[in-house]
Amino acid sequence: MKPSTLLAALAGIVVAPLVWAQGSTSDEIAKYRAALQDGNPAELWEARGEDLWKQKRGPKQVSLERCDLGRGAGVVKGAYAELPRYFADADRVMDLETRLVWCMVQLQGFTEAEAKKTPFGSGSDRKSDLEALTAYVTSESRGVKMNVALTHPKELEAYRVGEKLFYYRGGTHDFACATCHGEDGKRIRLQDLPNLMTAEGAQKAYTSWPAYRVSQGELRTFEWRLYDCFRQQRFPELIFGSDGAIALTMYLARNANGAVYDAPAIKR
Amino acid sequence: MGEPMKIRATLTGDTTEVKVLMTHAMETGQRKDAQGQTSPAWLIQTILVTWNGKSVLSAQWGPAVAKNPFLSFRFKGGAKGDKIVVRWIDSRGDQRTDEASIA
């Protein structure tokens, strides 16, 4: 064998796997997700959440089965696809997590601090009831079309504030949400980021939360997603259930209108 | 006493496919917490699955199995309505038994 042929053969061996690795990383991640879809541990959270929903809890010893998520007291089916929304009883726009806290306070007699104590779980000794309840309620909207209304002035206001927040640049890195989520093909490490300025990107992203994060072994809600985005932006901590968190959720949920809701999902 | 498992058992032809989701920390004993202290190992070590009282799978697990494990396997036989019982025992001696019918 001539040296040049040998070199070409060697080059072939070296180059081929590199090309393969670059061209199909996102395909391989998609395959990994599909393989995990079958045994999604989010179901464990859904089951625990359903149990919590029906259990008599709190000082008043009542269940959440009379909680009004917007479609009438106790109606869970399809409720998440219409949230956030304006609630006259609270005179406020609320997302699901905030509404659950409201119900725990109003119906079950918990204090707000007790209800909000563990918004995000970590490990088996610090489980979050809110994450489990969120998993259950959202699972009851699987297959329902997103239909978030902007009919009440406060709903419209929340949407506008959310839009402002989305484009607001700040923090030590001078980042806005739009810095990472305003262009196609952006990524963090190997993870493709959705372009939330397109209808398709917003729909795909919003309808896939909450999700079980394999790398964390936890189910994560949309409030957590926003909270962690703020952390990654080096913004001040996003307060759970705050008007800011709800406004951003409103902006992104409304932009996902028309898409079929499909979560709790599973992510890397 | 662990949390309930999710068990699905479906019959296709003459084969039953069993899928089980378990809630467990599966702490490897290799990780350190924020204070630098090693988190002690805490793992499901034994899995036993029976079909109408007859053993169809037994396994010994170690630290390589993920948190909140998913187990899927097939065996020849089974009929709709037959009882599948899954049991795990962990390194603290805690255990959990759940059952499902083949659909």
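The values are calculated or read from the model by the stated rules, or taken from the named source; none is laboratory data. Please read these numbers as outputs of a predicted model, since none were measured by experiment. Every residue, glycine as well, gets a Cβ built from its backbone with ideal geometry; the counts of neighbours run over all protein chains shown.
Say whether the condition of being within 15 Å of A:GLU97 (Cα to Cα) and of a type in the set (S, T, N, Q) is met by at least one residue in the stretch A:209-232.
Checked the stretch A:209-232: at least one residue is within 15 Å of A:GLU97 (Cα to Cα) and of a type in the set (S, T, N, Q).
If I ask for residues that are under 16 Å from the mean Cα position of the chain (by Cα), touching a residue at least 40 places away in the same chain (Cβ under 8 Å) and not in a helix (DSSP H, G or I), which ones from the stretch A:224-255 would you list?
A:PHE240, A:GLY241
For (1) outside any loop (DSSP other than H, G, I, E, B); (2) at pLDDT below 80; (3) touching a Cys at 6+ places or on another chain (Cβ under 6 Å); (4) away from every other protein chain (no Cβ under 14 Å), each residue gets a yes or a no:
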position: A:GLY12; (1), (2), (3), (4): yes, yes, no, yes
position: A:VAL19; (1), (2), (3), (4): yes, yes, no, yes
position: A:GLU28; (1), (2), (3), (4): yes, yes, no, yes
position: A:LEU44; (1), (2), (3), (4): yes, no, no, no
position: A:LEU52; (1), (2), (3), (4): yes, no, no, no
position: A:GLY70; (1), (2), (3), (4): no, no, no, yes
position: A:VAL76; (1), (2), (3), (4): no, no, no, yes
position: A:ALA81; (1), (2), (3), (4): yes, no, no, yes
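Being within 30 Å of A:LEU156 (Cα to Cα) and surrounded by 15 or more Cβ atoms within 10 Å (Cβ to Cβ): is that true of A:GLY70 here?
So A:GLY70 passes the test.
Could you check how many residues of the stretch B:44-57 are closer than 10 Å to B:TRP88 by Cα and surrounded by fewer than 19 Cβ atoms within 10 Å (Cβ to Cβ)?
3
Search the stretch A:198-223 for residues being out of contact with any Leu (no Cβ under 7 Å at 6 or more places or on another chain) and assigned to a loop (DSSP other than H, G, I, E, B), and hand back the single one that is farthest from A:CYS177 (Cα to Cα).
Filtering first and then ranking leaves A:GLY217.
Within the stretch B:2-36, take every residue that is of a type in the set (Lys, Arg) and more than 11 Å from the chain's Cα centre (by Cα) and give me the one that is surrounded by the fewest Cβ atoms within 10 Å (Cβ to Cβ).
B:LYS32
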